[in-house]
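Reviewing the structure listed below.
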Amino acid sequence: MSKEIHELEAPEQGGANRLFKDLFAGAVGGVAQVLIGQPFDIVKVRLQTSQQYSGALDAATKIYKNEGALAFYKGTLTPLLGIGACVSVQFAGFNYARRAFEARNVAKHGSPQLSYSQYYAAGAFAGVANTVLSSPIEHIRIRLQTQPHGADRLYNGPIDCVRKLSAHQGVLAGVYRGTAVTYLREAQAYGVWFTSFEYLMNADAKRNAIDRKDISTLKVAMYGGLAGEMLWLSSYPFDVVKSKMQSDGFGEAMKYKSMRDCFAKTWRAEGMGGFWRGIGPTLLRAMPVSAGTFATVEVTMRLIS
């Protein structure tokens, strides 16, 4: 990437201050992401993990009718606290890896310009780093979103959910169930997400002969929204398998013994379409959520830099 688009900065330069800014901007973006996307997300999870709805509109209608408007924000506390941390790690991890690639490119070629394979690698690094947080956070959220309503509810909240999941199979097999497929999803998703966004931003800066910081917030939001669509189109089958595993029963009620078993059983029972259930509301959600995340992060970075 040219110096005009991104300020060249080795990973160790301005270390603590730069890291704090990346983490803070990501946290603010994460809060925006949850508040915008949670109603869409519960519809997506219900469609992925249940056969009782004919489509997204049917799911949304029945959730509202049977559980009330607040049901669309079931399990929000966990992601509100956790997704802020996750998005912090995503942006901090990506920017750290990007600066490392820039420094290496300068040493080898005299130019900080990143190839798009390097952008993808930086995004994948951010996704893998994020998995340690995102896997248990999303597992708890899915359990809370898919539990029965009213007197039959299984969990009284996030902490009760963690306690009960740990009691079933311990922390690793219980709370961290589905982590292997989460690694695959996160690496692919965030590799594509950041690469798509950087491509669109770089193309705009080059086309209009301007600095990156001069690209309007409206355009940043639009490019972020398009990147969000690419994220889900490139990684959705992994997300379906993750949701199925993280809403599965325990002991004799467990349907899926492993990630591979879940892929195989989904294919046999539902065919290719089974890996794309819920893609409609997911793509509908992706545009505003990703747009809001990138715009919030970009504006926050400009304000604190």
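Every read-out reported here was derived from the displayed coordinates using simple, explicitly stated rules and does not represent laboratory data. Please read these numbers as outputs of a predicted model, since none were measured by experiment. So basically every Cβ, Gly included, is an ideal-geometry build from the backbone, and we count neighbours across all protein chains shown.
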Estimated distance in nm for a label pair at Asp160 and Ala100, the labels positioned 7 Å out from Cα along Cα-to-Cβ: 4.2 nm
At what distance in nm do the modelled label points of Ser111 and Asp248 sit from each other, each positioned 7 Å from its Cα along Cα→Cβ? 4.8 nm
Too long at a 26 Å Cα-Cα cut-off: which of Lys65/Lys164; Lys21/Lys44; Lys44/Lys65; Lys65/Lys255; Lys62/Lys242? Lys65/Lys164; Lys21/Lys44; Lys65/Lys255
The range 155-292: Cα Rg divided by the 2.2 N^0.38 Å rule of thumb: 1.33
Multiply the residue separation of Lys206 and Lys265 by 0.36 nm, subtract the distance between their alpha-carbon atoms, and state the gained length in nm to one decimal. 16.5 nm
Regarding the range 199-276, what is the average projected area of its C-alpha convex hull, in nm²? 7.3 nm²
How far apart, in nanometres, would the label points at Lys65 and Ala151 be if each is projected 7 angstrom from Cα along the Cα-to-Cβ direction? 2.3 nm
Starting from the range 237-305, pick out the GluC sites (Glu not before Pro) whose DSSP state is loop and whose Cβ has at most 11 other Cβ atoms within 10 Å. none
For n ≥ 4 DSSP H runs only, could you compute -39500 (n - 2.57) per run for the chain, divide by its residues and tell me the 222 nm figure to the nearest 500? -26000 deg cm²/dmol
Can you put His139, His149 in order of Cβ neighbours within 10 angstrom, beginning with the fewest? His149, His139
Between Leu284 and Leu218, the FRET efficiency computed from the C-beta separation at R0 = 22 Å comes out, to the nearest 0.05, as 0.65
Below 12 angstrom from the Cβ of Gly191, what's the summed charge of the other residues (Lys, Arg +1; Asp, Glu -1)? -1
Relative to the compact globular guide of 2.2 N^0.38 Å, what is the alpha carbon radius of gyration of the range 15-304, as a ratio? 1.03
Averaging sequence separations of C-alpha pairs under 8 Å and six or more residues apart, then dividing by the length of the chain, give the relative contact order as a whole percent. 27 percent
Largest-first ellipsoid semi-axes for the range 44-197, taking √(5λ) over the Cα gyration tensor eigenvalues, angstrom: 37, 18, 12
Loop only per DSSP, at most 15 neighbouring Cβ atoms within 10 Å: give me the trypsin sites (Lys or Arg not before Pro) in the range 223-305, ordered by residue number. Lys255, Lys257
When we measure straight from the Cα of Lys206, which lysines land under 25 angstrom away, once same-chain ones fewer than 8 places off are left out? Lys3, Lys108, Lys219
Arranged by the count of other C-beta atoms within 10 angstrom, fewest first, what order do Trp276, Trp267, Trp232 take? Trp267, Trp276, Trp232
